[in-house]
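Enquirer: Starting off with a structure, shown below.
The values are calculated or read from the model by the stated rules, or taken from the named source; none is laboratory data. Note that the structure is predicted; figures quoted are calculated from it, not measured. Don't worry about glycine lacking a Cβ; one is built from the backbone with ideal geometry, like all the others, and counts go over all protein chains shown. For accessibility, only protein heavy atoms count, side chains too; no ligands or nucleic acids. Shrake-Rupley method; radii C 1.70, N 1.55, O 1.52, S 1.80 Å.
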Amino acid sequence: MDWLGQKRAEMLMQVLLVASAVAAFVVGYVRADFQLMLLVYAGGVVLTALVTVPNWPFFNRNPLKWLDAAEAERHPRPQVSAGAAAVGKKKSGKNK
């Protein structure tokens with residue numbers, strides 16, 4: 001699952017859970033049955049899990065392009081020196 005697929009899955013999860021909660025409330029209110037309301041909501045949660053948890057192909061529309069091992073060796077990662085790390089820290093002491 002790519003980054004946009006994760007965002008899509010999270011948005012879909014939120015929409016489906018809210019929709020199932022509203023549907024469960026309406027059904028429970030109309031039928032005056034609390035147990036039926038809980039069953040409708042539980043069905044919505046199961047449906048949401050089945051739609052958003054597996055790695056479906058529509059979550060992989062923007063695959064990441066990984067760097068080749070040979071290309072990574074040609075461009076090594078820069079090392080942070082101790083002097084450069086200390087530059088970003090605040091001085092803790094009073095100026096007199």
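Enquirer: In percent, what relative contact order does the range 14-69 have, based on Cα pairs under 8 Å that are 6 or more apart in sequence? Please report the intermediate quantities before stating the final value.
Expert: On the way: 27 pairs, mean separation 17.6, N = 56.
Averaging sequence separation for qualifying contacts and normalising by length gives 31 percent for the range 14-69.
Enquirer: Here is a further query. List, in order, the whole-Hz ³J(HN,Hα) value for each residue of the range 51-64 obtained from phi through the Karplus relation with A = 6.51, B = -1.76, C = 1.60 and θ = phi - 60°; use x for Gly and Pro.
Expert: 7, 9, 6, x, 8, 6, x, 6, 8, 10, 7, 10, x, 7
Enquirer: Right, here's the next one. Once R0 is set to 30 Å, what does the formula 1/(1 + (r/R0)^6) return for the Cβ-Cβ distance between residue 19 and residue 55, expressed as a FRET efficiency to the nearest 0.05? Each step should come with its number before you reach the end.
Expert: Values: r = 23 Å, r/R0 = 0.76.
Taking R0 as 30 Å, the efficiency between residue 19 and residue 55 is 0.85.
Enquirer: Here's something else I'd like to know. Ranked by accessible surface with a 1.4 Å probe, highest first, in what order do 47, 16 come?
Expert: Details: 47 95, 16 45 Å².
The ordering from most to least exposed comes out as 47, 16.
Enquirer: At 0.36 nm per residue, minus the direct Cα-Cα distance, what do residue 38 and residue 81 gain on full extension? Give it in nm, one decimal, please.
Expert: Difference between extended and current length: 9.6 nm.
Enquirer: Report Rg (one decimal) and Dmax (nearest whole number) for the range 5-48, counting Cα atoms only, units Å.
Expert: 11.6, 39
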